[in-house]
Amino acid sequence: MSETTVDPKQYIIKDEPYYEAIDSEIELYESAYAVRMPMMIKGPTGCGKSRFVEHMAWKLGKPLISVACNEDMTASDLVGRFLLDKDGTKWQDGPLTTAARIGAICYLDEIVEARQDTTVVIHPLTDHRRELPLDKKGELIKAHPDFQLVISYNPGYQSLMKDLKQSTKQRFGGMDFDYPEADLEVQIVTKESGVDQATAEKLVQIAHRARNLKGHGLDEGISTRLLVYAGQLIASGVDAQAACSMTMITPLTDDPDMRDTLNAAVQTFLG
């Protein structure tokens, strides 16, 4: 991914990612992109944050470069580094640098997982300067007019060790996401998994039972993503209770009592 060989077209999303609007988030994002406002998207795991960003990149016809942040990610992983090859030393742009050069939307998923000394490198791109200094290379990149930075995270996992500094937060506009209302979630599960509507309704009812247990034995409720997984298995012929156990119970908890509670909910609706 060097600075001279990147074709923006390789980052264009050709097929429309399925996304059902919950409120006015599509119009709000379009307005934010029109002024190239950096955006922060907050919401629980599996509620559609990444799908929304993909949908908006497709709708706007802009390249999208996504980065899954983690605690081992360094500033060089984002910005770039010098590499050795048979011809000597060669600079390789990181995803953030590439996005700034070609005018892509750069999406940093679960930004709080990255170290704070790493996230500081985004600051010059998120104010009036819209520039990225490559200190190791001695270059200052002025961001392409189409460049936009989008970050996301799950507020439920915040802690003193995993939170953004106010100096970072206040560089972004913010949007809150949550799981859809029941009727819309049924529609999404039906569309995404291929399961019939009646089964989708039962899966959503189980999820609502589980979400009421958040903070009372569960760190997170059953996500829309997991409902789609369950529906896909059921649609392929897997026994409904086995599918739910595999996708909606085992990933969520190892606590035997909590598993019994969730299994009872599955039995109630699908037994």
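Computed quantities for the displayed model
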| read-out | value |
| --- | --- |
| Local electrostatic count at residue 133 - Lys and Arg +1, Asp and Glu -1, tallied over other residues with Cβ under 13 Å | +2 |
| Candidate lysines for bridging to residue 202, where Cα separation is under 18 Å - those fewer than 8 sequence places away on the same chain excluded | 191 |
| Inter-site label distance for residue 76 and residue 92 at 7 Å from Cα along Cβ, in nm | 1.1 |
| 0 to 90° range, to nearest 10: angle between helix 182-193 axis and the chain longest Cα axis | 70 |
| The chain, relative contact order [Cα under 8 Å, separation at least 6], % | 20 |
| Residue-averaged [θ]222 nm for the chain, counting only DSSP H segments that reach four residues, each worth -39500 (n - 2.57) | -10500 deg cm²/dmol |
| Lysines with Cα under 23 Å of residue 162, excluding same-chain neighbours fewer than 8 positions away | 42, 49, 214 |
| Karplus-derived HN-Hα couplings along the range 11-17 (A = 6.51, B = -1.76, C = 1.60, θ = phi - 60°), whole Hz, x at Gly and Pro | 9, 7, 8, 7, 9, 5, x |
| Nearest 10 degrees, 0 to 90: helix 25-34 Cα axis against the chain principal axis | 0 |
| Most fluctuating residue given options 29, 18, 229, as computed from a GNM of the chain linking Cα atoms under 10 Å | 18 |
| Distribution of pairwise C-alpha distances over the range 153-271, 10 Å bins, in % | 13, 41, 27, 14, 5, 0 |
| Relative contact order %, the range 182-270, counting alpha carbon pairs below 8 Å whose residues are six or more apart | 29 |
| Nearby aspartates and glutamates by direct alpha-carbon distance to residue 9 (threshold 20 angstrom, same-chain neighbours under 8 apart not counted) | 54, 93, 146 |
| In order through the range 228-237: 3J(HN,Hα) via Karplus (6.51 cos²θ - 1.76 cosθ + 1.60), integer Hz, x for Gly, Pro | 5, 4, 4, x, 4, 5, 5, 5, 8, x |
| Label-point separation in nm, residue 214 to residue 137, each point 7 Å along Cα→Cβ | 4.1 |
| Rounded to 10°, Cα long-axis angle of helix 49-60 versus longest principal axis of the chain | 60 |
| The range 102-209: GluC sites (Glu not before Pro) in DSSP loop, at most 11 other beta carbons within 10 Å | 181 |
| Estimated inter-spin distance, residue 257 and residue 68, nm [label 7 Å along Cα→Cβ] | 3.4 |
| Stretchable slack from residue 250 to residue 85, in nm (0.36 nm times residue separation minus alpha-carbon distance) | 54.9 nm |
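We did not get these values from a lab; they are worked out from the coordinates using the rules stated. In this text the structure is predicted, and so the values were computed from the model without any measurement. Virtual Cβ from ideal backbone geometry, glycine too; neighbours counted across all protein chains shown.
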